[in-house]
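Read the structure below first, then the notes.
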Amino acid sequence: MEYISLPPGLCTTTTAALACGVQPATVRDWVRRGLLARVGGTPKRPIYRLDDVLAAHAAPKPSSAGRCAQNRA
């Protein structure tokens, strides 16, 4: 069940993913890695600020080459 309506500037995981052109799992990964914080909702239906979502999307992400180099160190 999705929210019927949210205040302007807020979005669900699904709408955040649509806004950034990524999968909802990617948005959940941003939360897990600390790039994005929930601002409300429930544990199963979190709500995010759209500005925060766009900032998380624009944030530099580690490349797979960078992760491999870290694992060797």
task: Give the Rg/Rh ratio for the stretch 10-72, taking Rg as the radius of gyration of the Cα atoms and Rh as the Kirkwood radius, to two decimals.
output: 1.04
statement: The relative contact order of the stretch 3-52, taking Cα pairs under 8 Å that sit 6 or more residues apart, comes to a percentage of 41
field: Charge dipole magnitude, Cβ of K and R +1, D and E -1 - the stretch 14-65, Cα centre, debye nearest 20
entry: 220
query: What FRET efficiency do you get for Leu54 and Ala25 if R0 is 25 Å and r is their Cβ-Cβ distance, rounded to the nearest 0.05?
result: 0.85
- request: Calculate, for Arg32 and Leu6, the FRET efficiency according to 1/(1 + (r/R0)^6) with r their C-beta to C-beta distance and R0 30 Å; round to the nearest 0.05.
  value: 0.85
task: Using R₀ = 25 Å, calculate the FRET efficiency as 1/(1 + (r/R₀)^6) where r is the Cβ-Cβ separation of Ser63 and Val39; round to 0.05.
output: 0.30
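FYI, it's all coordinate maths here, none of it is from the lab. Here the structure is a predicted model, which is why all the values come from computation and not from measurement. Ideal geometry is used to build each Cβ from the backbone, glycine not excepted, and the neighbour counts take in all protein chains shown.
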